[in-house]
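First comes the structure, then the notes that go with it.
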Amino acid sequence: MVKSVPVPLVNLDFGTDPLFSFSAHPSKNALVVGSGTGQVKLLKYDVEKLENHIFHSADKGCAQIDVRAKELQGSDCVTIGWRTKRHQGSCRSIIFDTNGEYVYSAGLDKQIKKAKAETGVVVAKSEILASNITKILTVPNKNFLIVGTEDGDVLCLDSNTLKQTYQIKKVHEDAVNSISHYVPKSDYQFVTTGSTTLSHIDIRKDQPLHQSEDQEDELLCSAWLDPTNPNTMLCGMGEGVVTVWRPEMNDFADQISRVRISKEPVESLISALDSEGDHFWVGSFDGTVSRVNIRSGKVVEKRAHSETDEVSYLDLDHEYRLISAGMDRLTIWRETGDVDSSSDEGDEEEIDETAKSEDLSSEEEEEWTGFGDDEGSGNEPDVSSASFEEEIDSDSDSDSSSENSDSNDDRPIVPLIEIKEKLLAQLEDSDEEPPKKRKKQMKKETKKQKAHTQEHGIRKFDGL
């Protein structure tokens, strides 16, 4: 089990009514959540009360809230602003507009509803769409609501009236898994993922501007490394890696590198919005949340969201607190600066060592290629190869020092015939490796198929 650092601020448990979607308010301590039964709630949390709860608790644990259909059980640190039965069936996707004034929700009833965030009163409804909705996205500078469907279509609705204005059919062969806007480069362009491809679209066009090669693995989620400067796209894959894309290099034709996170599917991604612009958060099917450094291609921190619940959703609140969620639990994490560094110093070392050991073990399957000089160009200052050059220099120094130490060793000389016999034995043993690799690949494919049946909590509750 991976130990969590820092401590969560609060855990919200949704055992009786599974969580299907949520969104953090852009300027307040509030969340809007959509459930498997179509319930939508506005939840407000008091950070000061939650911090006091941790301070006064005997085990320094966070508040535990049981979210029921009509009430909350537990601490009064979290309250219900309003609740309603908004959709017939599950609430597939929910999001605030950029100002936090309105909430848009999409249900299994194939309808999108717009409501006032303060009261929950519905002010607009869309027509019943032809296909089930998987994702909705608001846009900063335009009155657009972008909609992805299970048929692989992408629609654009007027965010005021919810009337359809544009449509691109069959952007993907299967359901649209994620949508990212291309602001500030363009208000009309978006990047979508679905099935085994990534598409770059302009909603005014009938066909995608660019589409990637078949990745032979499902692209489950995506996010920009820096949303204000969209030049590095990250995609979470079914086989547990994050692929890195640079549109300026090849127009999204293919990934340029990859980072191994775990052996389980990557369910969610979000930029860490750190000052250096080097980190992003990853939510995995195994219930862990990982912080990854893009320059080194390594996991630098791990947090344990749950031992039984996947991390299907990630968001940041208006004060940059990380929020992780699956169908059973939503966790708001304390800011790193809020944690007592003296008390967690030992834990941080444990997490770092865990991350290092996982990175080393995973190198046998996936190699982080980094951003070398042959891949990048001089006009890409945000990603450099300096760290890789330093690693090479340090490796060469260590090699030379080891050679010097070996030269003083009085070990006996091994005859060449013995070396030859050992090499031949190794070659014979290597003939047995392919069947093992095939068996491992079959096991991975079985795990992947099992994971896809529960993707983002939607297919697990198809009847809702």
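Details
- Projected label distance in nm at ASP158 and ARG68, using a 7 Å step from Cα toward the beta-carbon: 4.4
- Within region 37-92, the GluC sites (Glu not before Pro) that combine a DSSP coil assignment with at most 14 other C-beta atoms in a 10 angstrom radius are GLU71.
- With 32 Å as the limit on Cα-Cα distance, the pairs of LYS49/LYS85; LYS163/LYS263; LYS49/LYS125; LYS163/LYS185; LYS169/LYS263; LYS44/LYS125 that go past it are LYS163/LYS263; LYS49/LYS125; LYS169/LYS263.
- Each label point was placed 7 Å from the Cα along the Cα-to-Cβ direction; for THR98 and GLU335 their separation is 2.4 nm.
- Tensor-based shape of region 114-248 (alpha-carbon gyration tensor, a/c under 1.5 rounded, otherwise prolate or oblate): prolate
- Shape of region 1-122 from the C-alpha gyration tensor: prolate (a/c of 1.5 or more and a/b above b/c, with a ≥ b ≥ c the square roots of its eigenvalues).
- Cα-projected label distance for VAL300 with LYS185, points at 7 Å along beta-carbon direction, nm: 2.5
- Computed from the Cβ-Cβ distance with R0 of 41 Å, the FRET efficiency linking GLU127 to ASP46 stands at 0.55.
- Segment ASN141-LEU273, extension gain: residue separation times 0.36 nm, minus the distance between their alpha carbons: 45.5 nm
- Placing unit charges on the Cβ atoms of the charged side chains and taking the dipole of region 8-362 about its Cα centre, the candidate lying farthest along the positive direction among VAL244, PHE20, LEU157 is LEU157.
- Our estimate of slack between ASN229 and ASP214, defined as 0.36 nm per intervening residue step minus the Cα-Cα distance, is 2.8 nm.
- Whole-Å distance, taken between Cα centres, linking region 146-189 and region 281-335: 26
- What the Cβ-Cβ distance of ALA58 and THR84 gives, at R0 = 41 Å and to the nearest 0.05, is a FRET efficiency of 0.60.
Computed from the coordinates by the stated procedures, all read-outs in this text should not be read as laboratory data. Source: prediction; values computed, not measured. Neighbour counts run over all protein chains shown; Cβ positions are idealised from the backbone, glycine included.
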